[in-house]
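Asker: Please find one structure pasted underneath; my questions will follow.
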Amino acid sequence: MKLECRNISFAYKKNSPILNDISISVPSDKVIGLIGDSGSGKSTLCKILSGYLPKYDGNILIDNKPIDSKNYNPVQLIFQHPEKTMNPKWKMKNILEESWVPSKELRDRFGISDDWLKRWPNELSGGELQRFSILRSLNPKTKFIIADEISTMLDAVTQVQIWEVLLNYAKKNNIGILAVSHDKSLLKVVSDEILYFNELNKK
Ligand SMILES: Nc1ncnc2c1ncn2[C@@H]1O[C@H](COP(=O)(O)OP(=O)(O)O)[C@@H](O)[C@H]1O
Ligand SMILES: [Mg+2]
């Protein structure tokens, strides 16, 4: 499979374009790195790719077909700040299992302790929460992951662990990844190919 954005242009406000005619292709068997300066529009592109911003010019296609917005979106976004995507009044078990129910074996592989399932989001660290948000996004219907600075706020050891388990899972299950970061050394390690946002975003 192949996820493509073709000729995407977008502005939050009239006459202040953020994205100009951007085209990217992400195959299922690859990790594509996307590097760019802070404020350049990377997260905006991520939101468009995963269906969070409906009004844009251009096309988002999987195998040349538009994504049906009525069904589960096979393109899932993982954010930099997991706590912002979690209901503070839900226990972690409910947060994890909102979209699908991962096995204990998978929870273990993602380094999620059984004990954490009973806690509230504010009782876990950023790295622990990010493990939940990654596993939560890997519903068997997910075909592509948009990873928007997912390890930026984590320490080096946690960063390596999280990427290792995500990359392994994606490889085994044929999930394509767009890995977005301002950190070139990280992208060199995790990506098959690196794209430069400033070169794609024609001004
Ligand atoms: N909801 C919004 N409304 C208006 N402007 C926004 C909104 N979200 C982001 N922006 C602006 O769009 C630009 C690109 O932001 P963003 O896509 O978050 O960049 P990056 O992820 O590369 O740091 C920034 O100037 C930011 O202030
Ligand atoms: Mg961003």
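The values are calculated or read from the model by the stated rules, or taken from the named source; none is laboratory data. What you see is a predicted model, and the numbers here were worked out from it, not measured in a lab. Glycine gets a Cβ as well: all are built from the backbone with ideal geometry, and neighbour counts include every protein chain shown.
Asker: List the number of the failed condition for Glu98; all other conditions in (1) closer than 21 Å to Ile162 by Cβ; (2) touching a Ser or Thr at 6+ places or on another chain (Cβ under 9 Å); (3) surrounded by fewer than 20 Cβ atoms within 10 Å (Cβ to Cβ) hold.
Answerer: All conditions are met except number (2).
Asker: In region 152-203, which residues are among the small types (Gly, Ala, Ser), more than 16 Å from ligand 1 (Cβ to nearest atom) and modelled with pLDDT of 95 or more? Give the derivation first.
Answerer: Filtering region 152-203 for residues among the small types (Gly, Ala, Ser) gives 156, 170, 176, 179, 181, 185, 191.
Then keep just the ones that are more than 16 Å from ligand 1 (Cβ to nearest atom); that gives 156, 170, 176, 185, 191.
Those that are among the small types (Gly, Ala, Ser), more than 16 Å from ligand 1 (Cβ to nearest atom) and modelled with pLDDT of 95 or more: Ala170, Gly176, Ser191.
Asker: Answer with yes or no whether Asp115 is modelled with pLDDT under 95 and acidic (Asp, Glu).
Answerer: no
Asker: Just name the residue that is farthest from ligand 1 (Cβ to nearest atom) out of those in region 7-40 that are outside any strand (DSSP E or B) and charged (D, E, K, R).
Answerer: Of region 7-40, the ones outside any strand (DSSP E or B) are 14-15, 28-30, 36-40.
Then keep just the ones that are charged (D, E, K, R); that gives 14, 29-30, 37.
On the way: Lys14: 12, Asp29: 26, Lys30: 22, Asp37: 7 Å.
In this case the residue turns out to be Asp29.
Asker: Only one of these is over 19 Å from Pro82 (Cα atoms), among the aliphatic types (A, V, I, L, M) and not in a helix (DSSP H, G or I): Leu154, Leu186, Leu195, Leu178. Name it. Break it down into steps so the answer makes sense when it comes.
Answerer: Details: Leu154 fails: over 19 Å from Pro82 (Cα atoms); Leu186 fails: not in a helix (DSSP H, G or I); Leu178 fails: over 19 Å from Pro82 (Cα atoms).
Step by step, each of Leu154, Leu186, Leu195, Leu178 is checked, and only Leu195 is over 19 Å from Pro82 (Cα atoms), among the aliphatic types (A, V, I, L, M) and not in a helix (DSSP H, G or I).
Asker: Can you pull out every residue in region 41-100 that is among the basic types (Lys, Arg) and either under 27 Å from Pro121 (Cα atoms) or within 16 Å of ligand 2 (Cβ to nearest atom) (or both)?
Answerer: Across region 41-100, the qualifying residues are Lys42, Lys47, Lys84, Lys89, Lys91, Lys93.
Asker: Testing Asn139 on (1) surrounded by 13 or more Cβ atoms within 10 Å (Cβ to Cβ); (2) in a loop (DSSP other than H, G, I, E, B); (3) out of contact with any strand residue (DSSP E or B) (no Cβ under 9 Å at 6 or more places or on another chain), one condition comes back false. Which one is that?
Answerer: (3)
Asker: Going by what's in this entry, would Lys202 be described as more than 16 Å from ligand 2 (Cβ to nearest atom), in contact (Cβ under 8 Å) with a residue 60 or more places away in the chain and more than 20 Å from Lys2 (Cα to Cα)?
Answerer: Values: more than 16 Å from ligand 2 (Cβ to nearest atom): yes; in contact (Cβ under 8 Å) with a residue 60 or more places away in the chain: yes; more than 20 Å from Lys2 (Cα to Cα): yes.
Considered against the rule, which asks whether it is more than 16 Å from ligand 2 (Cβ to nearest atom), in contact (Cβ under 8 Å) with a residue 60 or more places away in the chain and more than 20 Å from Lys2 (Cα to Cα), Lys202 comes out as yes.
Asker: Please work out which residue is surrounded by the fewest Cβ atoms within 10 Å (Cβ to Cβ), limiting yourself to region 72-86 and to residues that are in contact with a Lys or Arg (Cβ under 8 Å, 6 or more places away or on another chain) and either without any contact (Cβ under 8 Å) to a residue 60 or more places away in the chain or in a loop (DSSP other than H, G, I, E, B) (or both). Spell out how you get there, then give the answer.
Answerer: At the first step, the residues of region 72-86 found to be in contact with a Lys or Arg (Cβ under 8 Å, 6 or more places away or on another chain) are 72, 74-75, 77.
Applying the additional criterion that residues be either without any contact (Cβ under 8 Å) to a residue 60 or more places away in the chain or in a loop (DSSP other than H, G, I, E, B) (or both) yields 72, 74.
Details: Tyr72: 12, Pro74: 17.
Applying the filter and picking the extreme gives Tyr72.
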